[in-house]
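Notes for the one structure printed next.
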Amino acid sequence: MKSLIDITDFSVKEIDELLNTALDIIAHPKKYSKKCKGKILATLFYEPSTRTRLSFESAMHELGGSVIGFSSADSSSASKGESFADTAKVISNYAHVIAMRTPIEGAPLVASLNASIPVINAGDGGHLHPTQTLADLLTIKREKGRLNNLTVGFCGDLKYGRTVHSLISAFSRYENINIVLISPKELKLPSYVKHDVLEKNNMPYEETTDLENSLPKLDVLYMTRVQQERFADKDEYEKLKNSYILTKEKFEKAKKDTIILHPLPRVNEISVKLDEDERACYFKQVANGKYVRMALILKLLTLAKDKTKCTLNKEGLIYNQHKCTNPKCITKTEQELDNVCKPSKTDGDVLRCVYCDKKVNK
Amino acid sequence: MKSLIDITDFSVKEIDELLNTALDIIAHPKKYSKKCKGKILATLFYEPSTRTRLSFESAMHELGGSVIGFSSADSSSASKGESFADTAKVISNYAHVIAMRTPIEGAPLVASLNASIPVINAGDGGHLHPTQTLADLLTIKREKGRLNNLTVGFCGDLKYGRTVHSLISAFSRYENINIVLISPKELKLPSYVKHDVLEKNNMPYEETTDLENSLPKLDVLYMTRVQQERFADKDEYEKLKNSYILTKEKFEKAKKDTIILHPLPRVNEISVKLDEDERACYFKQVANGKYVRMALILKLLTLAKDKTKCTLNKEGLIYNQHKCTNPKCITKTEQELDNVCKPSKTDGDVLRCVYCDKKVNK
Amino acid sequence: MKSLIDITDFSVKEIDELLNTALDIIAHPKKYSKKCKGKILATLFYEPSTRTRLSFESAMHELGGSVIGFSSADSSSASKGESFADTAKVISNYAHVIAMRTPIEGAPLVASLNASIPVINAGDGGHLHPTQTLADLLTIKREKGRLNNLTVGFCGDLKYGRTVHSLISAFSRYENINIVLISPKELKLPSYVKHDVLEKNNMPYEETTDLENSLPKLDVLYMTRVQQERFADKDEYEKLKNSYILTKEKFEKAKKDTIILHPLPRVNEISVKLDEDERACYFKQVANGKYVRMALILKLLTLAKDKTKCTLNKEGLIYNQHKCTNPKCITKTEQELDNVCKPSKTDGDVLRCVYCDKKVNK
């Protein structure tokens, strides 16, 4: 059995296979319309997320399967204080695959270690959101024809944008990727991503505050929202906000084949007037998200024929010697859960919590 | 492609066809049980409405299709400020037809102009609710055998009751309809409905505060609820409330074949004791609502084979010269939406907002 | 037609048949995968209960049927004050069977008297929860091979635990059952259950506060949660709480084949360490809950071919002479509902409300 918690749970080869299955689904939808007949997907959404939830549900229906679930913590037993481990064990009796969204970082991993069915992380707080990354990759592959040899610009809130971190992490395994980081100073890419991902993997990157002048060099522009709440200084926000809004006029500086991505929902960071531009691919991204989730559900259900439960990779694990201090980490709330950490992949001197990946004090 | 936003989006002939399809579904349910195999309905309900939502969902399941959606704004991306236009574009990738309920007037129209799939208005604030009108019409047709030559009484809150306005509007296109308007003075039919619909179409009508003495002349009695909140003067409410409650005793004055309709939910405006009376048709109305929604879904999916997107009828449109002042209008909240108005159909001197139909100041 | 409101609505023979159908479903799942094709279950959940709701929904999907419904009162018309009788009549047009959960005691009974489809009580306040009892019985039958000749311990909150009351009531119809009641004094089994069920049926029982020393004699240990809120004296709670937590160490005193049940969700009353013990059957109970609900849905749909509506057993009914004083009783909120009581089955001198079973003052 296999779960998808972190995009790196899949090798580049496995991701390629997933994307190829998605392409085959797009080309031959009828071939897949009964593949999940009799199968049930449980969408366990502890916080609202229409787009992601409906994408999973639509994916399962298009495969001929059924869906059960909840769309907010209020309508779940979570309000009665049930652990994620117990919920996972219970739902394993009701469904064949779980898609879980929660503000608690590491919860989908805990669920996957206790479930007897595959678990898909549909977003855990600011931590991970691997199926968005799969949607991003499929869109780039379809639109640009390749996942190597690209200059990719990320614009907006690079500090808190988990979709940005995930996509950079995914690209670290492809060849000849140039990264352009476009953001206000307040919202720069965190240094641990810069060091652990970009530098350790020798990926060329530059940092800038200037969207307009970065446009001519980009193959892909990944936009995200700059939220007022992120700024301590409101004047600073007012001064900056317009420079990170993409308009038709600004985008004239881009290449003829630069594509625009956005994880959505947008508020006003891309002008509606750009929607009709062929290079605006954020609604195509939505469609691709559905197709790649169909491919993922199929893959995980196939792998689930081997009933061996998911476990932590034992190498280097340190049990109950260091406490994770991240207040959003699953170790803060889950009943009888061990504190487990291990050395960082890229920097062996650093210990990270296995659930939320935050640095743990030695 | 066609959407149903306003009941007058369909001609009388098209409505007749819809009702006939509904009758055929009632007569031969099995014939239709797989018609929507592989199709997905998205129920986007930004405010709770069990009856309408479950009616749509049941309709889709009885056609062999699937359903995705949400049942309150809390569990949707609306809380993140996504525009209706974007939501429509996103959901077009997940489903084949949308049923939308929202307190924001004109939002379903905006959705229909942006979606690449048909949109059904399942109620937008106090504005329109065309599928309820279809349920009303089917019930009258089944019970009375005709939609012409009828005396129809509307009783209760005629001021705010959108189902009343819609049904009167629908009847304006049939022949020899007499309207009896029964309400307290505080809740009389708005003058614009009287002028624009009844008078412009030469429909005979009378206004009265007396339910009991109106009963003997009615073929159809359409009851609605008189809500305490609508009265500034609580004493006035206390004095009046019982006169608009229909009891077994009161209804003895009615003809042997007068049918009672009610859009439901009722609170106490029709005594439970009347439920067993054969002329009480409000639960039959519920069943008819499901059948006519089945017919509607089928019709819209058939018309959707022509992929041409819905657009505003361009005739007479005036862009961005007058602002709609209705605080519930979609123009108040939607990102980058033009203010558009046009001359009223019945009175060319009056301009109306194309989204919410409210009068616009010149 | 038949509804399941109280576990005693079914005879012991009928329960045996249900359990046998469940066993056949477990043995031959494919045989049942299309049995409910074209049928719709409505899950009307006026309060959150993930486990029970998803169990019903999974059950219906595994039978090939569809599901509609709501998962909290907020997203239902309940907020508009609709009566349970009207909701039942409306939903009868949308679905083929109802599963209803509500905090209002007696509401599912009222629904069943008004619906033209079967109603399943999925929990009404502190009153009844018969499908949990069916899950308990199936688990004991599968694990112990019998429902007679058992010593059954109930531990924890025996005062408010409706699953405890229901299971004791169900066992009163089997032979040679010994009951051990283990609880703090504050949470003892209510005397009416002791008198009306245990004593009237000559069931041997003992009361104790000592879990550890009771373990060696039990065939079945039914754990429930001891909630802090139940204690007026917080010191008392602190003193007691650990004695009702089952740990691996404590359970060593039990027999080799003592099984542990729990209605879930648990908080900390059973140590997670016990989950791997073969005798820990609370997650098997979850699976059994689904199977027995599948059997129940099938049985009720079969019986629904006879369209005769459910009615109160007329014998001994007393109308509108005594008012029920239970503030949670349906008679407190439902429009135009008669107050009806009748003599207790076990003590003819006592009158009980037919809806909530609470004693009524003469």
For A:Lys323, counting only lysines whose alpha-carbon sits under 18 Å away and dropping same-chain residues fewer than eight positions off, the answer is A:Lys332, A:Lys342, A:Lys358, A:Lys359, A:Lys362
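Which links in C:Lys141/C:Lys200; C:Lys250/C:Lys273; A:Lys30/A:Lys290; B:Lys31/B:Lys299; B:Lys255/C:Lys307; C:Lys89/C:Lys290 stretch past 19 Å when you go from one Cα to the other?
On the way: C:Lys141/C:Lys200 25 Å; C:Lys250/C:Lys273 12 Å; A:Lys30/A:Lys290 15 Å; B:Lys31/B:Lys299 15 Å; B:Lys255/C:Lys307 31 Å; C:Lys89/C:Lys290 27 Å.
As for pairs spanning more than 19 Å Cα to Cα, those are C:Lys141/C:Lys200; B:Lys255/C:Lys307; C:Lys89/C:Lys290.
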Expressed in nanometres to one decimal, the distance between label points 7 Å along Cα→Cβ at A:Asp9 and C:Glu252 is 3.7 nm
Averaged over all viewing directions, the convex hull of the alpha carbons in the protein assembly as shown casts a projected area in nm² of 45.4 nm²
Distance in Å, no decimals, from the C-alpha centre of the range C:315-340 to the one of the range B:257-311 is 33 Å
Rounded to the nearest 500, the 222 nm mean residue ellipticity computed for the protein assembly as shown from DSSP H runs (n ≥ 4, each -39500 (n - 2.57)) alone is -9000 deg cm²/dmol
Rounded to the angstrom and largest first, Cα extents along the principal axes for the range B:313-362 equal 29, 20, 16
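Excluding B:Lys299 itself, calculate the net charge of residues whose Cβ lies under 9 Å from the Cβ of B:Lys299, where each Lys or Arg counts +1 and each Asp or Glu counts -1.
Counting the neighbours of B:Lys299, the net charge comes to -1.
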Here the net charge surrounding C:Pro103, from other residues whose Cβ is less than 13 Å away from its Cβ (Lys, Arg +1; Asp, Glu -1), is +1
Rounded to whole angstrom, the alpha-carbon centroid of the range B:21-95 lies from that of the range B:100-172 at a distance of 18 Å
Highest mean packing first, using Cβ neighbours within 10 angstrom, the peptides B:57-70, A:181-194 sort as B:57-70, A:181-194
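Of all GluC sites (Glu not before Pro) in the range A:234-277, which ones are in loop regions per DSSP and have a Cβ with at most 16 other Cβ atoms within 10 Å?
In loop regions of the range A:234-277 (DSSP not H, G, I, E or B), the sparsely surrounded GluC sites (Glu not before Pro) are A:Glu252.
At 10 °C and 1.306 mPa s, grab the translational diffusion coefficient of the range A:102-189 from Stokes-Einstein with a Kirkwood Rh over Cα pairs, rounded to a whole number in µm² per second.
On the way: Rh = 14.4 Å.
Reported coefficient: 111 µm²/s.
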In nm, the gap between the two label points placed 7 Å beyond Cα toward Cβ at B:Ser116 and B:Leu317 is 2.1 nm
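At a temperature of 37 °C and a viscosity of 0.692 mPa s, determine how fast the range C:1-94 diffuses translationally according to Stokes-Einstein, using the Kirkwood radius over alpha-carbon pairs as Rh; express D in µm²/s, rounded to the nearest whole number. Display every interim value, and only then the final one.
Numbers: Rh = 15.3 Å.
D = 215 µm²/s.
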For peptide A:329-342, the mean count of other chain Cβ atoms within 10 Å per residue Cβ is 1
At q = 0.21 1/Å the base-10 log of I(q)/I(0) from the Debye formula over the alpha-carbon atoms of the range C:131-284 is -1.51
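With a sphere of radius 10 Å drawn around the Cβ of A:Leu63, what net charge do the other residues whose Cβ falls strictly inside it have (Lys, Arg +1; Asp, Glu -1)?
Working: positive: A:Lys34, A:Lys35, A:Lys37, A:Lys39, A:Arg293; negative: A:Glu62.
Combined, the nearby Lys, Arg, Asp and Glu give +4.
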Mean other chain Cβ within 10 Å across C:286-296 is 2
note: the range B:258-362, Cα-Cα separations exceeding 16 Å make up a percent value of 72 percent
Mean-square fluctuation maximum in Gaussian network of chain B, Cα pairs under 10 Å, restricted to B:Leu312, B:Leu134, B:Leu215, hits B:Leu312
Given all pairs of distinct Cα atoms, chain A yields a Kirkwood Rh in Å of 21.2 Å
In terms of the charge dipole of chain B, which places +1 on Lys and Arg and -1 on Asp and Glu at the beta carbon, the residue among B:Asn361, B:Val67, B:Thr325 farthest towards the positive end is B:Val67
Taking every residue of A:37-47, the Cβ atoms of other protein chains inside 10 Å of its Cβ average out to 2
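With a 10 Å radius around each residue's Cβ, average the other Cβ atoms per peptide and rank A:142-152, C:137-147, C:300-310, highest first.
Numbers: A:142-152: 16.0, C:137-147: 19.2, C:300-310: 13.2.
Per-residue mean Cβ counts within 10 Å order the peptides as C:137-147, A:142-152, C:300-310.
With a length cut of 30 Å (Cα positions projected on each helix's long axis) and a Kyte-Doolittle mean of at least -0.5, go through chain C and give me the DSSP H helices that pass. Write down the numbers at each step before the final one.
Working: long enough: C:282-303 (31 Å, 0.60).
Qualifying helices: C:282-303.
Readers should treat all values here as calculations from the given coordinates under stated rules, not as data from a laboratory. This is a predicted model, so every value here is computed, not measured. As a convention, Cβ positions derive from the backbone with ideal geometry for all residues, glycine included, and neighbour counts pool all protein chains shown.
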